[in-house]
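Just below is one structure, and these are the notes that go with it.
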Amino acid sequence: MSTVSRDLLLRFLENFTDINVIPVKLTTALPSYYRAIANDSELSKIALEKCDSVLQELSHHSPEIVTRCSQLRAIIEASEQPSNLIQEVVNIQNTTDLPFLGREQHMANLIIEEIDLVDYIDEND
């Protein structure tokens, strides 16, 4: 989907909890709108407020609306999270007190961590 106008996204936010305006059959098209909203901090704030009110009163809303709010909230929160990659660049050109290290010693100082996410995911979720 090409860029969506801010006005259209605002109208979408006003109506996305109304099944009569945005029916269930359009559910597969919604994530692209969610991502566009997540890229705008002001629209994200509006969306989170609306979703929070829906999610606090689950019994007053259909499962479809609860799912929409949960998905929108998850996409917004994911866009706010920093990348899990930690990268640090250190300039050692002007450092004079480094001892000479052979190739094997350099490789011994290289730290690469690989984390298997399966260890951290509960199979019941």
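Less than 15 Å Cβ to Cβ from Leu30, Lys/Arg counted +1 and Asp/Glu -1: what total charge do the surrounding residues give? Present the calculation step by step, with values, prior to reporting the outcome.
On the way: positive: Arg11, Lys25, Arg35, Lys50, Arg68, Arg73; negative: Glu14, Asp18, Glu64.
Summing Lys and Arg as +1 and Asp and Glu as -1 gives +3.
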Self-check item: Residue-count net charge about Gln56 - beta-carbon cut-off 14 Å; Lys, Arg +1, Asp, Glu -1
Solution: -1
Exercise. In Å and from the alpha-carbon atoms only, list the Rg and Dmax of region 6-80.
Key: 11.2, 31
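Readers should treat all values here as calculations from the given coordinates under stated rules, not as data from a laboratory. This one's a predicted model, so the numbers in the text were calculated from it and none came from an experiment. Cβ sites come from the backbone with ideal geometry, for glycine too, and all protein chains shown count toward neighbours.
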